[in-house]
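The values are calculated or read from the model by the stated rules, or taken from the named source; none is laboratory data. The shown structure was predicted, so the numbers you read here are calculated from the model rather than taken from an experiment. In this analysis, Cβ positions are derived from the backbone assuming ideal geometry, glycine residues included, and neighbour counts consider all displayed protein chains.
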Amino acid sequence: MSLKNAGVTLIDCDHRTPPEAGTGYPYIAIPQIKNGHIQLDGVRRISPENFADWTKKLKPQANDVIVVRRCSSGDSAVVPRGLECAIGQNLVVLRSDGKRVTPEFLRWLVRGPDWWEQVDKFINVGAVFDSLKCREIPHFELTIPPLNAQREIAALLGALDDRIALLRETNATLEAIAQAIFKSWFVDFDPVLAKAEGRVPEGMDEATAALFPDGFEESELGLIPRGWKVVSLGDVFDVTMGQSPPGHTYNEDEQGIPFYQGRTDFGFRFPKRRVYCSAPTRYAQLGDTLLSVRAPVGDVNIAIEKCAVGRGLAALRHPKGLSAFVYYQLNAMRSKLGAYNSEGTVFGAINKNQLLSMKIVSTRDNFTIEKSFELIAAILNMKIENNEKLIRGLTELLDILLPHLISGKLRLPECQNGIEKTTA
């Protein structure tokens, strides 16, 4: 049955772009459409006046599905309850009247195999971008289960998706805690400031507080804790710049070891296996921090296993094995690293000499304070890693279940118990 005959209406966006405001309503663009959800990190904001103007034609409502027409054509995201937003160009909204497709089920319908078959059928291949036409999407022919089955499928997959979302939120919170501690100790120097003012440093035991000096001294980077020093990044970390092996050694058949070329392979914390290499030339070891050194510069991940790294990445490690410290140090340097995105004639990049010569503040030679931070951050990192593994397992389960449930090849009682055990 076509989407149109199933009571699903397509509403096009306003083909203008409003001016950006510092605060206000989110203006959803293609980069915000990720993994079936709207990601508001870095979203453009528009004023209340422009919001009213841009939503005259279309004001997204709960359970609407936003579909990408251009670039990542066919990708979609559901509009959650309580979110007031406007949508940008090259996006459309699908809205169900509920008679043949329940609004809660629509988000899953447009992620099933029939949907992607129709995307492939109707895609318009362009010189720069592929795209879908608004007039053709309502004619997509999809398998529509009975309403009762739709409700059950939506409830089941929704619970699974909620579990994944909760784990992602937990990981974001855990990372924010570790980043805050790093910033306090190694960027803002809060424990040193507290001791210099005669106060007891907060959030640490007496033994840890004793490791910090009680005053500051001048340096080329400004005031730094007394006894600490300004060094080059290459003086503290071991750095391996990636190198791309011959193209014929790449494969998707798991021949060799995982190969990561650049930022496109990054996940929230760990890269996702996509390509393997049978003849790697540069390696990252388990726990190394992977730094994107081109297009864009500054994003970081952690190697969850030994892997090969291409020219878009560098692998960094601490000689004392302080892997968490390296990761959060580079996280704290993201704005400085991002300055290199304006370098280069085609795209931003940082070379080895530039990376090695970047200045950072280091403690005394025995890294005692860094080791104390590592003990705290390693616990948080382990929780993040365990959650990430569960996220990937649940996501794979959802992707397996979705087409089988929609097609009717798998019945709900056959998978309900297994899912409940997995999500418990």
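Test Ala86 against the stated conditions and say whether it is surrounded by fewer than 19 Cβ atoms within 10 Å (Cβ to Cβ) and either closer than 29 Å to Gly126 by Cα or among the hydrophobic types (A, V, I, L, M, F, W, C) (or both). For Ala86, the condition - surrounded by fewer than 19 Cβ atoms within 10 Å (Cβ to Cβ) and either closer than 29 Å to Gly126 by Cα or among the hydrophobic types (A, V, I, L, M, F, W, C) (or both) - is not met. Once the stretch 83-125 is narrowed to residues that are among the hydrophobic types (A, V, I, L, M, F, W, C) and part of a loop (DSSP other than H, G, I, E, B), the residue that is farthest from Ile11 (Cα to Cα) is Val125.
What are the residues in the stretch 60-77 that are assigned to a loop (DSSP other than H, G, I, E, B), at pLDDT below 95 and touching a strand residue (DSSP E or B) at 6+ places or on another chain (Cβ under 6 Å), if any? Residues satisfying the conditions do not exist here.
Within the stretch 394-411, the residues that satisfy the criterion of being surrounded by fewer than 17 Cβ atoms within 10 Å (Cβ to Cβ) and either among the acidic types (Asp, Glu) or within 13 Å of Arg168 (Cα to Cα) (or both) are Thr395, Glu396, Asp399. Among the residues of the stretch 203-239, those that are of a type in the set (Phe, Trp, Tyr) and in contact with a helix residue (DSSP H, G or I) (Cβ under 8 Å, 6 or more places away or on another chain) comprise Phe212, Phe216, Phe237. In the stretch 41-68, the residues that are polar (S, T, N, Q) form Cβ pairs under 7 Å with partners that are surrounded by fewer than 16 Cβ atoms within 10 Å (Cβ to Cβ) and part of a loop (DSSP other than H, G, I, E, B), at six or more places apart or across chains, as follows: Asn50/Pro19. Considering the stretch 362-388, the residues that are crowded, with 18+ Cβ neighbours inside 10 Å and not in a helix (DSSP H, G or I) include one that is nearest to the chain's Cα centre (by Cα), namely Ser362. Only one entry in Val309, Val275 is in contact with a helix residue (DSSP H, G or I) (Cβ under 9 Å, 6 or more places away or on another chain), under 24 Å from Thr249 (Cα atoms) and touching a residue at least 12 places away in the same chain (Cβ under 8 Å), namely Val275. Scanning the stretch 195-213 for residues that are of a type in the set (Lys, Arg) and under 17 Å from Thr368 (Cα atoms) turns up nothing. Looking across the stretch 37-59 at every residue that is modelled with pLDDT of 95 or more and among the small types (Gly, Ala, Ser), the one that is nearest to Ala86 (Cα to Cα) is identified as Ala52. Take the stretch 21-41 and flag every residue that is over 18 Å from Asn90 (Cα atoms) and among the charged types (D, E, K, R). Of everything in the stretch 21-41, just one residue is over 18 Å from Asn90 (Cα atoms) and among the charged types (D, E, K, R), namely Asp41. Only one of the numbered conditions (1) over 28 Å from Pro225 (Cα atoms); (2) at pLDDT below 95 is not met by Asn366, and that is (1).
If I go through the stretch 107-158 residue by residue, how many of them are within 19 Å of Lys409 (Cα to Cα) and of a type in the set (A, V, I, L, M, F, W, C)? Summing the residues that are within 19 Å of Lys409 (Cα to Cα) and of a type in the set (A, V, I, L, M, F, W, C) in the stretch 107-158 gives 14.
Checked against (1) closer than 28 Å to Leu355 by Cβ; (2) in the same structural domain as Asp299 (by TED's automatic domain parsing); (3) within 25 Å of the chain's Cα centre (by Cα), Gly256 passes all but condition (3). When the residues of the stretch 129-166 are filtered to those that are acidic (Asp, Glu) and touching a strand residue (DSSP E or B) at 6+ places or on another chain (Cβ under 8 Å), the one that is modelled with the lowest pLDDT is Asp130. Taking (1) within 20 Å of Ala6 (Cβ to Cβ); (2) surrounded by 14 or more Cβ atoms within 10 Å (Cβ to Cβ) in turn, Gln32 satisfies each apart from (1).
Under the condition of being over 26 Å from the mean Cα position of the chain (by Cα) and of a type in the set (Ser, Thr, Tyr), the residues counted in the stretch 1-33 number 2. Here Pro80 passes the criteria (1) under 24 Å from Asp399 (Cβ atoms); (2) touching a residue at least 60 places away in the same chain (Cβ under 8 Å); (3) part of a loop (DSSP other than H, G, I, E, B); (4) not aromatic (Phe, Trp, Tyr) except the one numbered (2). Inside the stretch 42-61, residues that are farther than 12 Å from Val92 by Cα and either in contact with a helix residue (DSSP H, G or I) (Cβ under 8 Å, 6 or more places away or on another chain) or surrounded by 16 or more Cβ atoms within 10 Å (Cβ to Cβ) (or both) make up a count of 10.
Tell me which residues, restricted to the stretch 324-357, are closer than 16 Å to Ile376 by Cβ and crowded, with 22+ Cβ neighbours inside 10 Å.
Ala324, Phe325, Val326, Tyr327, Tyr328, Gln329
If you check Val187 against the conditions, is it surrounded by 12 or more Cβ atoms within 10 Å (Cβ to Cβ), aliphatic (A, V, I, L, M) and out of contact with any Ser or Thr (no Cβ under 7 Å at 6 or more places or on another chain)? Yes, satisfied.
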